[in-house]
Each structure stands twice: as structure tokens, then as C-alpha cells.
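First the structure, in the form of C-alpha cells, and then the observations on it.
The values are calculated or read from the model by the stated rules, or taken from the named source; none is laboratory data. Because the structure is a prediction, the values reported are computed rather than measured. Note that each Cβ is placed from the backbone with ideal geometry, even for glycine, and that neighbours are counted across all protein chains shown. Ligands, DNA and RNA are excluded from the accessible area calculation, which covers all protein heavy atoms including side chains. Shrake-Rupley method; radii C 1.70, N 1.55, O 1.52, S 1.80 Å.
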Amino acid sequence: MGGNGKHRWIFSFYQRPNSSSSSKQSKTLPPHEFLCPISGSLMFDPVVIPSGQSFDRISIQVCRDLGFTPTLQDGSTPDFSTIIPNLAIKTTILAWCRDHHAQDPAPPDYSSVEKIVLSKIQEQTSSRLTSGPDIRVSERELLKAVAENPPVLFSHAATEISPSVNSRLLCSTSTSSSSDESVIVTASSPYTPLPLATRPACFSASGSSSSSTEITLSETPNLKSQSSSSLEEQELVLKLKSSDIFEQETGLVLLRKITRTKEEARVSLCSPRLLSALRSLITSRYSVVQTNAIASLVNLSLEKSNKVVIVRSGFVPLLIDALKAGSSEAQEHAAGALFSLALEDDNKMAIGVLGALQPLLHALRSESERTQHDSALALYHLSLIQSNRVKLVKLGAVLTLLSMVKSGDSASRVLLVLCNLAACPEGKSAMLDANAVAILVGMLREGELVCKVTRENCVAALFALSHGSMRFKGLAKEARAVEVLREVEERGSERAKDKAKRILQIMRDRKEDEADEIDWEAALESGGLSRTRYRAGKDDLAANSTDF
């Protein structure tokens, strides 16, 4: 019934006037994310839940009234306890309808949605009745086969790896001592630098105090030698769901070990059952349990296919809470997890809507270098989309970030975020109001006292500010930026040279150059200008002043 309803809706939605152009465009189907996962219709009043998924409000209301929690296509079950209006996607849907000459979505009928939900209840009930047992015959045979193998002893925790393995991991994610902070320019945005680091700092770290528990697998039938991933998952889930804290801890350290060293296990173990068990442990009052749970989540999040699944499973609010009030080590891993999840484009809006931006801004001043590093890069990736840029500006991020640049705290990474903010009108205006040009030029003037990467990012931020702003030239002139940029053009790195050259060209190309260079007061006193010319010049200056 749900499918038929969806098709009927699409048919009626795309009935257009007899215009040939409109008829051609109306055949374009709306993006999948615009459709409610329950009703299959274009969302009229979209709301977002803690997992980051969006639904039509009426669909959630019907599910609540019927006491029904649907199972989605990815196997997850949504949490409808908290809903937030998703104004961003609503605006996007209306813009899509306008661009494709389609009718705006109409308010859905309660009874129609109720019929769809009732059919889904019947489908899920039938599925449960016909489903088989969790353990298949082949898995029972595996259990019997591995029972004869001797137990395996792991004396280290998941993140404790040998120096040789650690060095290989470091080499795979960086090409030099500063590669995590060096920048390249993306093709889609010529003003925005992109950090090369793609893994959280906590992932490439050696062991920590919270994960030094010795584990004997005699109670668990030799998980290391087990070839069945489903059996491995089942044994881990049993440990994680145990009421014994020691069982939980040993299960977490084992999960951390497996996902730290076995890339293929990350995908197979990222199942709804295991994620559900892991979610409850992230809120544990035991610091060791919470830290190892979040560290395991960081390992799982490294696989691209897991990132969206993890966000939709409701982990983001838990990570935010850990970043706010967890132990120092838990905060490190929480920042690392948010950074890893933010790498996926489909997660960026959800993470911002769920409230991660403010805690990440606060975490930039953490005493932990790893927390600072991963928080800055999480903010960088989140600020690649416009909705999060606007949120950051409203949160007062510009002043916070510029004060960190002046003090030298994580300056090179903070400048990456400022480059993204400068790419939007709200951020550019806020930065110019906050005297960003003078601050950035002052940092460049310090010369050798500033590292190469920070200098490059300073020039990149100035380059972003120089585009589309009539105010930039006046502020740059006050800060005596020309002489500094010329020095960068002569002695800087290739990347910095190119951007400095382009900024100087932009400044030379401004039409108001001639007017700016005339000393009107001196000219009037000397009587060398006619009243007409004075009036024209005054009008020009008045026009320019409106841009300040």
C-alpha cells in the first residue's frame, strides 16, 4: 500500500500545464532526501530527529499515535522522542519546486498517511513471523569447530599497536611533518583550502591509560580465529550488553582492537545490533567504559560506508554530550568521531542541526592538542556548507577564531575555518567588521616568526575576503597590505605567491583607485579643482562610503 500511495502521489504531483517546456522539466523526479521515508511523499513540514534523518511531521505524529516505530531501509529504527523543524531542507525543497516548475508540496492528509503506516505495521509483523532464528546451521557448525581451539591472549588495548604498524599508519596519512595542516585548493571553490588529514588525531595515537586491560578470550570461543563475522558480532554484542562492567570493558577493548587492526571488520561489525549496544555504553558513568566505547566508534567511522549509518543511529547527540562533560580522553575521541563523521557530505547538515558547532568551538581551547586538532578540522568540514557557515557566524565564531589567530593558538587550523566563513556574505561581513584584514596582515608582517603553513593560510583567508567586497581595498590600504603582499609574492611558497599576486591584481583593478589616490582636501585648498570636479569626486566618495 505504501508503494502504491507513493506512485499515485508522484503521478498527481507532476500533472503540469500544457506548456512543452514545463512538461519536459516536470518529469524530473525529486531527490531522495526530499521524500519522507515513511509516506514516500515530498515533505511539506520536514523535521529532523536526533539521528539526523528528516521526516514529514505528520508521519511522525501518526507513528506516535499508533505506537509504531518503523524499521527503515538501512535497518535502523528512528527515535521520534525529539524533533526539530528542518527549515533548511524545507527551503531547499521549495527552491527545487520553483526551479523545476513543480507545485509546492501540499499538506498531507492524516488518514492517507495512517493507511500507509498501518500497511507498514502489517508488513513488519509478517516479516517477524516468517523470519528464521538468529544462528544458522552453518554458524552452529562454526561454533562447534572453534570450541577446540586454544584461547588467545591480548595484552594490549585496541589503540596500542607496534611501532612499525604505527609508522606505516602515519606515513599513509601524511607526507611530511606539517601535511595535516597544509592546504590545497578544491576545484569547486577556488578560495577554500582543504586539509590533507582524513583521520582523527586520536586514531594514530599510541595506547592510553584507559585501555590497558588484559583480555583472555577463553570465555569467548576464539574470536580472533573465527572466520564468521556474524558470529564475531554476536559474541561482542553479548559482552557489550552484559550487566557486568568488567564484561562490558573487555568487550569494548576487544572491539577496539578488532576495528583498529582489521579494516574489513569495520563494515561487518557496523550492524544495528552492535551499534545499539555501543550507544548505551557511550552514556556510561564509568569513564573507562565511555572512553573505549567512543574510541571504538571512531574506528568504525573510518569506513566511508559507515559514516551515514552511524549518524542516523543517533550517536551525534551522545558525542556532543561527551565533548561537553566527558573526561579529557573521552573528549579527544568525541572530537575525533565528529571530525570523521563530518567528512561525509550527507552528514554535514545533520551534525550542524543537532548542535555540534558550539561545543566544537569551545573545544578549540581545550588543553589537549588532539582535541584542538580534531575540533578545528571538524569545524572546517562542517563549514563547507552554507547553513553551518551562517550558524557559526550567529554563534559569534568570527571573534573567537580571530582572537585565537592573534594569540597563535592552533592558528593554521583555525584559519581554515575562517577561509570557509569568508566565502559566504555573512561571514565576510563579520570578518571585515572584526578587523580581520589588519589581523591577517599583521601576522604576515611577523615574517619568519610565523610558520610556512600559517602564512599560506593567512594569504588564503585574505584572498577569500578580497572577492566581491568593495570594503576590502580600503581596509587593506589602512593595514598597508600591499608591501606585505609584495614580499610574499617575492619570497613566499608557490601557493602563497600565487594568491598574493592575485590579491594585488584585484586591488589594482578596482575602479576607485584613482579617486582614492587624490588628496581632495589639499586640492581644494590649492584651488586647483573646479567646483564641478569637486562635486563629482564628493559624490564618488559618498557612493564608496555606503560599502563600509
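Okay, residues lined up against (1) open to solvent by 10 Å² or more (accessible area, probe 1.4 Å); (2) part of a loop (DSSP other than H, G, I, E, B):
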position: 335; (1), (2): no, no
position: 338; (1), (2): no, no
position: 349; (1), (2): yes, no
position: 352; (1), (2): no, no
position: 366; (1), (2): yes, yes
position: 381; (1), (2): yes, no
Of the candidates 455, 502, the one satisfying the condition of being open to solvent by 80 Å² or more (accessible area, probe 1.4 Å), closer than 17 Å to residue 419 by Cβ and part of a helix (DSSP H, G or I) is 502
Restrict the check to segment 468-490 and report whether at least one residue is closer than 18 Å to residue 505 by Cβ, within 33 Å of the chain's Cα centre (by Cα), in contact (Cβ under 8 Å) with a residue 40 or more places away in the chain and open to solvent by 50 Å² or more (accessible area, probe 1.4 Å). yes
Name, by its number, the condition in (1) farther than 23 Å from residue 50 by Cβ; (2) open to solvent by 20 Å² or more (accessible area, probe 1.4 Å) that does not hold for residue 254. (2)
For segment 1-114, which fully contained helices (runs of 4 or more DSSP H) count at least 3 residues that are under 29 Å from the mean Cα position of the chain (by Cα), at pLDDT below 90 and not basic (Lys, Arg)? 87-99
Inspect all residues belonging to segment 95-104 and state whether any of them is among the hydrophobic types (A, V, I, L, M, F, W, C), open to solvent by 60 Å² or more (accessible area, probe 1.4 Å) and farther than 18 Å from residue 312 by Cα. no
Among the residues listed as 343, 402, the single one being among the aliphatic types (A, V, I, L, M) and either open to solvent by 30 Å² or more (accessible area, probe 1.4 Å) or closer than 20 Å to residue 197 by Cα (or both): 343
Is it the case that residue 389 is more than 17 Å from the chain's Cα centre (by Cα) and open to solvent by 10 Å² or more (accessible area, probe 1.4 Å)? no
If I ask for residues that are open to solvent by less than 10 Å² (accessible area, probe 1.4 Å), closer than 13 Å to residue 317 by Cβ and of a type in the set (Val, Ile, Thr), which ones from segment 46-84 would you list? 48, 49
Qualifying residue in segment 230-242 (condition: at pLDDT 55 or above, in a loop (DSSP other than H, G, I, E, B) and not charged (D, E, K, R)): yes
Looking across segment 257-278 at residues that are in a helix (DSSP H, G or I) and among the charged types (D, E, K, R), the single one that is nearest to the chain's Cα centre (by Cα) is 266
Selected residue (criterion: nearest to the chain's Cα centre (by Cα)) from residues of segment 294-333 that are among the polar types (S, T, N, Q) and not in a helix (DSSP H, G or I): 313
Log entry, pairs with first residue in segment 498-515 being acidic (Asp, Glu), second being open to solvent by 20 Å² or more (accessible area, probe 1.4 Å) and modelled with pLDDT under 85, beta carbons closer than 6 Å, six or more apart or on different chains, reads 512/544
Qualifying residue in segment 57-70 (condition: under 18 Å from residue 30 (Cβ atoms) and among the hydroxyl-bearing types (Ser, Thr, Tyr)): yes
Taking interchain pairs and intrachain pairs at least six residues apart, which have beta carbon atoms under 8 angstrom, with the first residue in segment 23-38 and under 25 Å from residue 49 (Cα atoms) and open to solvent by 20 Å² or more (accessible area, probe 1.4 Å) and the second in a loop (DSSP other than H, G, I, E, B) and modelled with pLDDT under 85? 37/72; 37/73
Those residues of segment 368-379 which are open to solvent by 10 Å² or more (accessible area, probe 1.4 Å), part of a helix (DSSP H, G or I) and either touching a helix residue (DSSP H, G or I) at 6+ places or on another chain (Cβ under 6 Å) or at pLDDT 95 or above (or both), in sequence order: 370
Looking at residue 508, is it closer than 19 Å to residue 405 by Cβ, at pLDDT below 85, open to solvent by 30 Å² or more (accessible area, probe 1.4 Å) and part of a helix (DSSP H, G or I)? no
Note on segment 458-496: residues charged (D, E, K, R) and not in a helix (DSSP H, G or I) are 480
State whether the residues of segment 408-421 include one that is open to solvent by less than 10 Å² (accessible area, probe 1.4 Å), under 24 Å from residue 374 (Cβ atoms) and outside any helix (DSSP H, G or I). no
